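Visitor: Take a look at the following structure, please.
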Amino acid sequence: MERQLLLLLAVLALLLGSGLAVTRPALYRIGQDGTPRTTGAVAFRGRSVGGRWQPAAGQRGWGGFQGRGPGGAK
Amino acid sequence: MSPARDISRGAEVVRWPQLALLLPLAPLLVLLAAVSVPRQRQLVVLEGEQPASSRPFRLHDGWLGSPEIRLRAELPPNTAMALAVDLLDPAGQTVLQFDQEGWREQGIWQEDGESGRYDESDAELRLQLRPRQGGDHTLRLALEEFTDAAGRPLPASLRVALVVDNHSVDGGLLLITAAVTAVLVRLLWVAVYGDCRQRRRLRVDDDGAALRLELGGAGLVRVQVLARYEEPDLPPVRPQPAPRQVELELAVSDAWGAVLLRERLEVPLRHYSNDGDHWWVVNTSRYLRLSEPASLRLRASLPDPLAGGAVELEWIQLLVEDGVVTAWPVAVTPLRSPG
């Protein structure tokens with residue numbers, strides 16, 4: 001009995017995890033309200049509202065040179 | 001008595017859990033397939049402050065992975081930049097606008113009399129999204145700022161590598177899935193191959209351990225002998241080196257005392273040491289097949305002392321499991337019918 005349950009759990013975990021990793025149902029779609037998730041130093045100039053992109057007013061400050069020194073080399 | 005030899009067969013070998021070992025590999029294969037899919041690559045050259053457009057690239061709206069746009073500025077050493085990026089859909093409408101900052105620093109580090117070169121940068125961006133509808137999209141890039149480390153403006157000239165992958169997957173989630181599936185398959189193996197009708201364990205501070213119990217039925221009888229040898233408190237004046245093998249005597253007799261099996265086996269004696277302590281371990285297993293249920297006495301004994309008194313038996317443990325199955329064929333000693 002527990003063997004079938006464990007096999008079932010293993011197959012379910014595999015299908016659920018792989019399915020979510022491949023289809024990514026929560027991923028941002030262009031036109032959705034808000035902005036997508038990113039990696040990197042990114043600042044959005046606006047946001048999507050009601051299916052249209054609305055640019056934000058005003059200029060953003062420029063951070064300048066951000067070198068952090070030899071952090072990874074030490 | 002020289003015992004007959006056989007291998008486990010029929011219902012004694014359960015193979016299907018071996019197929020379950022393939023389950024944790026599946027997410028890894030999906031990850032491998034996703035990273036080997038060809039990507040759309042191009043280089044956008046920015047000259048001056050005029051915006052430059054990329055060549056159109058296809059964003060695909062499917063369920064086999066999702067689009068990922070990667071932008072990496074090829075910065076010279078000790079510079080910083082700010083890019084203004086617009087994403088245009090197939091109809092030419094702006095659907096996303098953002099600024100990307102980046103820098104690169106090169107230099108020499110010194111610490112505790114050591115030194116070396118470093119080259120650090122942060123000039124890459126990954127954008128994961130789905131298009132409203134699949135089609136050719138374009139990026140419009142403008143170099144807003146381009147300065148040296150001191151903040152002085154530099155001549156605006158920069159190359160930006162653009163890579164579009166339409167089938168990216170969540171690699172972290174795939175690795176977690178593989179790990180979770182591997183744990184569940186391991187539990188399945190324990191449930192299949194660690195299961196038995198009866199399990200008895202006896203550990204004694206002697207040179208032999210014996211158990212009498214009712215055994216027999218479907219499956220095999222697994223007999224494991226585990227023993228530990230140590231150095232005596234008072235080592236001999238002339239110690240000899242410990243042997244690499246010892247002779248294990250395994251005897252099985254029935255309820256009337258008739259000997260069904262008497263084997264002398266050369267088994268390995270493994271040496272371990274830690275912090276000046278030395279010990280030796282014997283760990284060996286045998287599989288027996290009974291033709292019908294019976295009351296049996298099993299006895300395992302080991303020589304003591306070894307190496308002229310330099311190694312003494314500390315304890316011996318006899319573990320008997322009745323009704324076990326194996327994942328693959330193993331050597332089996334069939335016992336003749338008692339009585």
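Conditions (1) assigned to a helix (DSSP H, G or I); (2) at the interface with another protein chain (Cβ under 7 Å from one of its Cβ atoms); (3) surrounded by 18 or more Cβ atoms within 10 Å (Cβ to Cβ), marked per residue:
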{"site": "A:Q4", "(1), (2), (3)": "yes, no, no"}
{"site": "A:L8", "(1), (2), (3)": "yes, no, no"}
{"site": "A:A13", "(1), (2), (3)": "yes, yes, yes"}
{"site": "A:G17", "(1), (2), (3)": "yes, yes, yes"}
{"site": "A:V22", "(1), (2), (3)": "yes, yes, yes"}
{"site": "A:A26", "(1), (2), (3)": "no, no, no"}
{"site": "A:Q32", "(1), (2), (3)": "no, no, no"}
{"site": "A:P36", "(1), (2), (3)": "no, yes, yes"}
{"site": "A:R47", "(1), (2), (3)": "no, no, no"}
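Visitor: Let me spell it out: the conditions are (1) assigned to a strand (DSSP E or B); (2) open to solvent by 30 Å² or more (accessible area, probe 1.4 Å); (3) more than 7 Å from chain A (Cβ to nearest Cβ), and B:G92 meets all of them except one. Which number is the exception?
Guide: Evaluating B:G92 over (1) assigned to a strand (DSSP E or B); (2) open to solvent by 30 Å² or more (accessible area, probe 1.4 Å); (3) more than 7 Å from chain A (Cβ to nearest Cβ) leaves (1) as the failure.
Rundown of residues vs (1) more than 25 Å from B:S168 (Cα to Cα); (2) more than 38 Å from the chain's Cα centre (by Cα), yes/no style:
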site	(1), (2)
B:M81	yes, yes
B:V85	no, yes
B:D89	no, yes
B:T94	no, yes
B:D99	no, yes
B:G107	yes, yes
B:D112	yes, yes
B:Y118	yes, no
B:E124	no, no
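Visitor: Can you give me the number of residues within the range B:109-150 that are without any contact (Cβ under 8 Å) to a residue 40 or more places away in the chain and either touching a helix residue (DSSP H, G or I) at 6+ places or on another chain (Cβ under 7 Å) or at the interface with chain A (Cβ under 7 Å from one of its Cβ atoms) (or both)? Walk me through it before giving the result.
Guide: Let us first name the residues in the range B:109-150 that are without any contact (Cβ under 8 Å) to a residue 40 or more places away in the chain, namely B:109-118, B:120, B:122, B:150.
Then keep just the ones that are either touching a helix residue (DSSP H, G or I) at 6+ places or on another chain (Cβ under 7 Å) or at the interface with chain A (Cβ under 7 Å from one of its Cβ atoms) (or both); that gives B:109, B:111, B:116, B:118, B:120, B:122.
Qualifying residue count, the range B:109-150: 6.
Visitor: When you check B:A142 against the structure, is it modelled with pLDDT under 90 and within 19 Å of B:V163 (Cα to Cα), yes or no?
Guide: No.
Visitor: So, A:G61, is that one modelled with pLDDT under 75, more than 9 Å from chain B (Cβ to nearest Cβ) and open to solvent by less than 70 Å² (accessible area, probe 1.4 Å) or not?
Guide: yes
Visitor: Tell me which residues, restricted to the range B:44-89, are surrounded by 15 or more Cβ atoms within 10 Å (Cβ to Cβ) and among the β-branched types (V, I, T).
Guide: Scanning the range B:44-89 gives B:V44, B:I69, B:T79, B:V85.
Visitor: Anything in the range B:95-108 that is surrounded by fewer than 20 Cβ atoms within 10 Å (Cβ to Cβ), under 26 Å from B:A156 (Cβ atoms) and more than 7 Å from chain A (Cβ to nearest Cβ)? List them, or say none.
Guide: Residue satisfying the conditions is B:Q106 alone.
Visitor: Continuing with this model, one more query. Inside the range B:128-164, can you point out the residues that are open to solvent by 10 Å² or more (accessible area, probe 1.4 Å), within 27 Å of A:G34 (Cβ to Cβ) and of a type in the set (D, E, K, R)?
Guide: Those that are open to solvent by 10 Å² or more (accessible area, probe 1.4 Å), within 27 Å of A:G34 (Cβ to Cβ) and of a type in the set (D, E, K, R): B:R132, B:D136, B:R140, B:E144, B:E145.
The values are calculated or read from the model by the stated rules, or taken from the named source; none is laboratory data. Keep in mind the model is a prediction, meaning the values are calculated, not measured. No Cβ is skipped: glycine too gets one built from the backbone with ideal geometry, and neighbour counts run over all protein chains shown. The protein model used for the area step is the full one, side chains on, heavy atoms only, and it has no ligands, DNA or RNA in it. Shrake-Rupley method; radii C 1.70, N 1.55, O 1.52, S 1.80 Å.
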